[in-house]
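The values are calculated or read from the model by the stated rules, or taken from the named source; none is laboratory data. All of these numbers come straight from a predicted model, not from anything done at the bench. Cβ coordinates were reconstructed from backbone atoms using ideal geometry, including for glycine residues, and neighbour counts include every protein chain displayed. Just the protein is used for accessible areas: all its heavy atoms, side chains included, with ligands, DNA and RNA removed. Shrake-Rupley method; radii C 1.70, N 1.55, O 1.52, S 1.80 Å.
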Amino acid sequence: MDNCIFCKIIKGDIPSYKLYEDEYTYAFMDIANDIDGHILVIPKKHVTNVLDCDNATLHHVADTTKLISNLLVEKCGYDGVNVLNASGECAGQTVFHLHFHIIPKKNNDGISAWPKLPGGTGVEATYKKLKEMLDK
Ligand code: 5GP
Ligand code: ZN
């Protein structure tokens, strides 16, 4: 897609710290420099986010996310990872080419990459609506 910054990174038109690529996916360091080891995994096919992504593409992104996450934990001294995705502007998505963020974590590193949520009004409303559709 012409105007997509991540498509340009895949093509090499914009430089990146590329970690890995295969037929379907591309993984590189996030430019934010907000935490050491912040990595993005993207599909080579331009899709906007999880909502419009075909299952096969999503599987490929998940495979590469797992490959890199396992290396971080098994070989790079990390204890776990947060895998984060924003799908939609309302969810905080700023680049509209599907990406999974990998945030490497160490025990007691004092860093929370997990959102602080405000508390809900109960599970029933969403549960009932979705369950009805899923049971059909
Ligand atoms: P989002 O907010 O959509 O979930 O995440 C977009 C991410 O893309 C941000 O973490 C941002 O730092 C990263 N990003 C935006 N532009 C570039 C770029 O040109 N190069 C790299 N490596 N990362 C970028
Ligand atoms: Zn794109």
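Residues of the range 1-23 that are part of a loop (DSSP other than H, G, I, E, B) and open to solvent by less than 20 Å² (accessible area, probe 1.4 Å): CYS4 alone.
Hey, among SER87, SER112, which residue is among the polar types (S, T, N, Q) and touching a helix residue (DSSP H, G or I) at 6+ places or on another chain (Cβ under 6 Å)?
Exactly one of SER87, SER112 is among the polar types (S, T, N, Q) and touching a helix residue (DSSP H, G or I) at 6+ places or on another chain (Cβ under 6 Å), namely SER87.
Residues in the range 24-51 that are more than 10 Å from ligand 1 (Cβ to nearest atom), of a type in the set (S, T, N, Q) and open to solvent by less than 20 Å² (accessible area, probe 1.4 Å): THR25 alone. The residue pairs whose first member lies in the range 30-52 and is over 19 Å from GLY77 (Cα atoms) and modelled with pLDDT under 95, whose second member is part of a loop (DSSP other than H, G, I, E, B) and within 9 Å of ligand 1 (Cβ to nearest atom), and whose beta carbons are closer than 7 Å, counting only pairs six or more residues apart or on different chains, do not exist in this structure.
Among the residues making up the range 61-77, those that are surrounded by 20 or more Cβ atoms within 10 Å (Cβ to Cβ) and of a type outside the set (A, V, I, L, M) are THR64, THR65, SER69. Within the range 109-126, being under 24 Å from ASN33 (Cβ atoms) and either touching an Asp or Glu at 6+ places or on another chain (Cβ under 9 Å) or open to solvent by less than 60 Å² (accessible area, probe 1.4 Å) (or both) holds for ASP109, ALA113.
Check LYS129, LYS106 and return the single one that is out of contact with any Gly (no Cβ under 9 Å at 6 or more places or on another chain), open to solvent by 90 Å² or more (accessible area, probe 1.4 Å) and among the basic types (Lys, Arg). Answer to the check: LYS129.
Being open to solvent by less than 50 Å² (accessible area, probe 1.4 Å), touching a Cys at 6+ places or on another chain (Cβ under 8 Å) and not β-branched (Val, Ile, Thr) is a description that applies to LEU98.
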